[in-house]
Amino acid sequence: MSIRRVNPAHAAEAFAASERLGEEAKTAALAAGLDLRAIELIRLRCSQLNGCAMCLKAHTAAALAAGETVERIGVLTAWRETRYFSDVERACLELAEAVTLVAQRHLDDDGYTALAAVLAPEQISAATWVAIAINDSNRIWIHADRPVHPPREQPSGS
């Protein structure tokens, strides 16, 4: 790791606060009625847009553990062109992209009205916080420049 890179341990309290933000956002989303798969889809889509390998690896594993399928993860970058995702998931993905790509586009009142036709106000807020939290994590891990390795292969016959 280069001296120019972020080492989360050098600002341990700030890093811990970031981790707590992610957990609080997840708790709020679950309490609002979003399921774990929708939460992980938000995290994956934001991480795809930001190019965060560390978070993509971690949240792909978490999504699979939550019952997500490889096929749906595989088409996530083109979610608008598929029928794989529910209306709730599509609304969550729309929010994820709006939060992540805030410099390129904002959701206007019509956009929020469309979301409100699918998501309750608590769900809109919670999904937004999940996206904010993972964008925070993406920035930490991208700047930490930690290498992401494939899992170690087990010797055959183990």
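Values in this text are rule-based calculations from the coordinates and carry no lab data. Given the structure is predicted, the values throughout are model-derived calculations rather than measurements. Neighbour counts are summed over all protein chains in view; Cβ atoms, including those assigned to glycine, are modelled from backbone coordinates with ideal geometry.
With 0.36 nm allotted per residue and the present C-alpha distance subtracted, the GLU13-ARG152 stretch has 46.9 nm of extension available.
Rounded to the nearest whole angstrom, the semi-axes of the ellipsoid equivalent to segment 43-123, taken from the Cα gyration tensor as √(5λ), stand at 22, 16, 11, largest first. By the Cβ distance rule (another cysteine Cβ under 4.7 Å), the unpaired cysteines of the chain are CYS46, CYS92.
Dipole check for the chain: with +1 at the C-beta of Lys and Arg, -1 at the C-beta of Asp and Glu, and the Cα centre as origin, the magnitude is about 620 Debye.
Using only the alpha-carbon atoms, how far is helix 12-31 inclined from the longest principal axis of the chain? Give it as 0 to 90 degrees, nearest 10. Helix 12-31 and the main axis of the chain meet at about 40 degrees. Based on C-alpha pairs under 8 angstrom that are at least 6 apart in sequence, the chain has a relative contact order of 39 percent.
Taking Cα atoms only, the orientation of helix 53-65 departs from the longest principal axis of the chain by about 70 degrees.
To the nearest ten degrees, helix 36-50 and the longest principal axis of the Cα atoms of the chain are 70 degrees apart.
The candidate values are (i) 130; (ii) 169; (iii) 146; the one derived from this structure for volume of the Cα convex hull per residue in Å³ carries the label (iii).
Calculate, in nm to one decimal, what ALA117 and LEU30 gain on full extension: separation in residues at 0.36 nm each, minus their alpha carbon distance.
29.4 nm is the gain from fully extending ALA117 to LEU30.
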